[in-house]
Amino acid sequence: INHIVHNGGLYKRPFNEAFEETPMLVAVLTYVGYGVLTLFGYLRDFMRQWKIEKCQNATEREEQKDFVPLYQDFENFYNRNLYMRIRDSWNRPICSVPGAKVDMMERVSHDYNWTFTYTGRVIKDIINMGSYNYLGFAQNAGACQEAAAKVLSQYGAGVCSTRQEMGNLDKHEELEKLVARFLGVESAMAYGMGFATNSMNIPALVGKGCLILSDELNHASLVLGARLSGATIRIFKHNNMQSLEKLLKDAIVHGQPRTRRPWKKILILVEGIYSMEGSIVRLPEVIALKKKYKSYLYLDEAHSIGALGPSGRGVVEYFGLNPEDVDVMMGTFTKSFGAAGGYTGGKKELIDYLRTYSHSAVYATSMSPPVVEQIITSVKCIMGEDGTTVGRARVQQLAENTRYFRRRLKEMGFIIYGNEDSPVVPLMLYMPAKIGAFGREMLKRNIGVVVVGFPATPIIESRARFCLSAAHTKEMLDTALKEINEVGDLLQLKYSRRRLVPLLDRPFDETTYEETED
C-alpha cells in the first residue's frame, strides 16, 4: 500500500510510505519453509531424547525431571532448531570504531553454530550498513573525541553516585540546558540508559486508573514501561489513525471497565521512526486527535532525533509542528549522537516531577562525564554553535543518502518498507533460509548488514535492515548497492511487482512507478 497524504492541510509536505503486499507465492513458500523446519525440529528433538543425536542445549537435570519444565516453550524450540542454524549472522565481534567502515574478528564453528572459535584473522574495511550511526559521530578522531578525552582527564570515567546524592556534575546541568534549547522545550533531563528512559519514566507518569494507547509496533522499552505502570493498555494498529480514534472515542464514552468512571489520564505512546518498519509516525494527525480528545502524547524519538528535519531536530521539525504540542518528548543519545543514554523534554513542571519520582533518576548512577561531553559537542555541532556548518551538512548528507539508497533498491526490484525519508531501510527476505544466506553472502563481499527475524518481526516477515549514515560516501553506497543487487539475483530476492522506472532527467526527490507483469 503506497500512502501519499496531504489530509486537509495537516501536512505541510508530501508523506510517502510504501508497504508492498507480500506476493502470494512467496507467502506460501515461506509458510512451507517454516513447516519443513518445524517438522525436522521435532524429529531432531526426538533423536536428542533417545541419545541418537548429541543434545547441546540447556536441559533440566535428572533430579528435576518431575518439576515444572523450564525449557518447553515454543521460543526455546525455535532457538534450538531454527535460530541456531543461522546464529553466525548475529553477535559478530567488531574490533574498531563502528563508523562507515569496521574491522571484524573472523570466527568459525565446527558444531553448526553451537560454539564459535576465533581464527585470529581480522577482516578489514567492511562497509558498515548496520549501525545506528546516522550522523557519523561514532569516530575516534575529531572535535568530539578531543573534547571527550579532555573531560576524561579532568573528571575521570565514572561518577560513582546518583544525581540526587554526589553525582550531579556541572556537565550534566550544561547538557540538560543544551538539550532543552535544541528541542525547543522549557526543560530536559538526561539519563544513563535509553531503554530505562522509557521503562522507568512511563510508570512515573501513569498508574492504576489510567489508560495507555500504544502503537502495535512500539519498542520493547515502551511496552515494558506500559506494563510496569499498572495502567490499562490498549493497542491500536500501526500508524492507523482510524484505529486510534476509535479507541479514544470508546475510552471517553465507556470510561473504566465495570465502574464506568472517567479515566484519570489517557496517554498515547508513539515512536518517531519505527526501527523495524522504517515508517514515520503520522504526527500531525496524532496531535490533532490528542487535542480533540484531551489526552496526553508521549513521543519516543530514539531513531528520529538528529536524523529528521532540516536541522536534525527530529520528527516535530520534520512536520513543521510546535514542540509544545508534544507533552513528553523522549529520545536517546545512542544513535545520532554516537554516545549513550537518553533524555526526556517538556514543561518544567513535568521534568521537576520526574527528577523526584522517576526510578531512573533517583536510583541510577549518573552519566559518565566523557559520554556527556561527546553529546554536548555533537549537539553543538548540529546546532552550528561550534562555529561551523559541519552539523547541518551531515543532516543534509544523511537525507540525500537515504533517498538515493531507497530509490536505487526499489529500481532493482526489492520490496522496501517504510517512508522515503527514513534512514532505516528494511529489505524484505521472507523465507527463513534466506536470512542466514543473505547475511553470509554480504559478509563475503565485505558488506556488514543486520538481518532480522522472529521474534523481532512477525515470523513470516524476515528482513535485512540497512541503517544509513552521513559518513557513507556515494562510492560506498554504490559498492553496497552493486553487491546487494548481485546477492538479490543469486538468492532471488527481487519480489516487487512495482518497479521504479529509472529516468536520467527525473528530479532527485520524485518517484515514478510502473506496473510490471509478475
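The values are calculated or read from the model by the stated rules, or taken from the named source; none is laboratory data. Since we're looking at a predicted model, the values are computed, not measured. Neighbour counts are summed over all protein chains in view; Cβ atoms, including those assigned to glycine, are modelled from backbone coordinates with ideal geometry. Note: accessible area is taken over every heavy atom of the protein model, side chains too, but ligands, DNA and RNA are not part of it. Shrake-Rupley method; radii C 1.70, N 1.55, O 1.52, S 1.80 Å.
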The chain, accessible surface, carbon-and-sulfur percent (1.4 angstrom probe): 55
Span from the the stretch 216-268 Cα centroid across to the the stretch 166-186 one, whole angstrom: 32
Among 206-219, 164-177, the order from most to least packed when residues are scored by Cβ within 10 Å on average: 206-219, 164-177
Separation between Cα centres of the stretch 435-464 and the stretch 286-351, rounded to whole Å: 30
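Highest mean first, what order results for 290-298, 247-255 on Cβ atoms within 10 Å?
Taking the mean over residues of other Cβ atoms within 10 Å, the ranking is 290-298, 247-255.
If I stretch the segment between TRP90 and MET383 completely, what's the gain in nm (0.36 nm per residue apart, minus their alpha carbon distance), one decimal? Walk me through the numbers on the way to the answer.
Numbers: separation 293, 0.36 × 293 = 105.48 nm, distance 3.56 nm.
So the extension gain works out to 101.9 nm.
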For GLU271, residues with placed amide H under 5 Å, excluding near neighbours: ASP300
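Using alpha-carbon pairs under 8 Å, 6+ residues apart, how would you state the relative contact order of the stretch 143-383 in percent? All intermediate terms of the calculation are to be shown ahead of the outcome.
On the way: 467 pairs, mean separation 74.1, N = 241.
Across the stretch 143-383, relative contact order equals 31 percent.
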For the chain, size of Cβ-based charge dipole, Lys and Arg +1, Asp and Glu -1, in debye: 800
Percent antiparallel among DSSP beta bridges (both partners in the stretch 143-383, rounded to 5): 40
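Output the pairs from LYS124/LYS150; LYS335/LYS434; LYS264/LYS348 with a Cα-Cα distance over 26 Å in this structure; if there are none, say none.
Distance filter (> 26 Å) returns LYS124/LYS150; LYS335/LYS434.
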DSSP beta bridges in the chain [antiparallel fraction, %, rounded to 5]: 65
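How high is the relative contact order of the stretch 415-478, in percent, counting Cα pairs under 8 Å that sit 6 or more residues apart?
On the way: 85 pairs, mean separation 22.6, N = 64.
Contact order relative to length: 35 percent.
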Simple spin-label estimate for LYS237 and THR473 in nanometres, 7 Å along Cα-Cβ: 4.6
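Report the relative contact order of the chain, percent, no decimals, based on alpha-carbon pairs under 8 angstrom and at least 6 residues apart.
Numbers: 966 pairs, mean separation 95.7, N = 518.
About 18 percent, as a whole number.
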Projected label distance in nm at ARG121 and LYS249, using a 7 Å step from Cα toward the beta-carbon: 6.4
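Taking only DSSP H segments of four or more residues, each worth -39500 (n - 2.57), what value at 222 nm results for the chain once the sum is divided by all its residues, to the nearest 500 deg cm²/dmol?
Numbers: 15 runs with 194 residues, N = 518.
Mean residue ellipticity, 222 nm, calculated: -12000 deg cm²/dmol.
Output the DSSP H helices from the chain with an along-axis C-alpha extent of no less than 27 Å and a mean Kyte-Doolittle hydropathy no less than -0.5.
On the way: long enough: 24-49 (38 Å, 0.94); 390-412 (33 Å, -1.15).
Going by DSSP H runs, the hits are 24-49.
How would you order 357-369, 275-287 from highest to lowest mean count of nearby Cβ atoms within 10 Å? Walk me through the numbers before you get to the answer.
On the way: 357-369: 19.1, 275-287: 22.8.
Ranked by mean Cβ neighbours within 10 Å, highest first: 275-287, 357-369.
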Mean-position separation - Cα centroids, the stretch 7-56 and the stretch 120-152, in angstrom: 34
Å² of accessible area per residue within the chain, as computed with a 1.4 Å probe and no ligands counted: 47
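What shape does the stretch 356-445 take by its C-alpha gyration tensor, where a ≥ b ≥ c are the square roots of the eigenvalues and a/c under 1.5 counts as rounded, a/b above b/c as prolate, and the rest as oblate?
Numbers: a/c = 2.64, a/b = 1.55, b/c = 1.71.
Oblate is the answer for the stretch 356-445, as a/c is 1.5 or above yet b/c matches or exceeds a/b.
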Nitroxide proxy distance, nm - points 7 Å out along Cα→Cβ at MET166 and GLU349: 3.7
Cross-link reach list, lysines versus LYS65, counting only Cα pairs under 18 Å and skipping chain neighbours closer than eight places: LYS51
Student exercise, the stretch 143-383 dipole from Lys, Arg, Asp, Glu Cβ charges, in Debye to nearest 20: 1040
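Could you calculate the contour length gain from TYR112 to ARG13, that is, 0.36 nm times the residue separation minus the distance between their Cα atoms, to one decimal place in nm?
Working: separation 99, 0.36 × 99 = 35.64 nm, distance 5.05 nm.
Fully extending the segment from TYR112 to ARG13 adds 30.6 nm.
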Set of the stretch 274-299 residues, backbone N closer than 20 Å to the point 7 Å along the Cα-Cβ line of GLU186: 291, 294-299
